[in-house]
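To start, the structure itself, in structure tokens.
The values are calculated or read from the model by the stated rules, or taken from the named source; none is laboratory data. Quick caveat: nothing in here was measured; it's all calculated off a predicted structure. Glycine gets a Cβ as well: all are built from the backbone with ideal geometry, and neighbour counts include every protein chain shown.
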């Protein structure tokens, strides 16, 4: 269990780095979709929260811990539909960090009693909540790369 909590802490620290990376960008920059891209920086950040919720809670048969507006619009296969204003951006940022605190509490509390195995397109099979949590840094690393590329173009 302590290794999994350490991984959750690592994810939260990485997320703090992401927020530091984008803190000086304005709403237009966070929302801009450069030519050749399907999404923007704020979608990528929202997606990381939605993907973590989907992987950990939905696959475990548990309701997500974030609001609907922080979940469905950012799932895989979606793309930005609307301009996101600063107040909602602030809320997305808060949820991005706070969802990891909630995951640590829920994991420590032993609520993840079952897990629907999942073959990820990256050639990984996730068979447990621990597999899902251990997959998150890989997935977030991919999207941090996209965020860094987008930041150069906005």
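Numbers at a glance
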quantity	calculated
Residue ID - surrounded by the most Cβ atoms within 10 Å (Cβ to Cβ), chosen from residues in the stretch 87-145 that are part of a loop (DSSP other than H, G, I, E, B) and touching a strand residue (DSSP E or B) at 6+ places or on another chain (Cβ under 8 Å)	115
Cβ-Cβ under 8 Å pairs, at least 6 apart or on other chains, the stretch 71-83 side over 23 Å from residue 26 (Cβ atoms), far side modelled with pLDDT of 95 or more and assigned to a loop (DSSP other than H, G, I, E, B)	71/64; 72/78
Residue in the stretch 2-20 that is within 11 Å of the chain's Cα centre (by Cα), in contact (Cβ under 8 Å) with a residue 12 or more places away in the chain and farther than 25 Å from residue 122 by Cα present	no
Test: residue in the stretch 39-62 that is more than 11 Å from the chain's Cα centre (by Cα), surrounded by 12 or more Cβ atoms within 10 Å (Cβ to Cβ), without any contact (Cβ under 8 Å) to a residue 24 or more places away in the chain and part of a helix (DSSP H, G or I)	yes
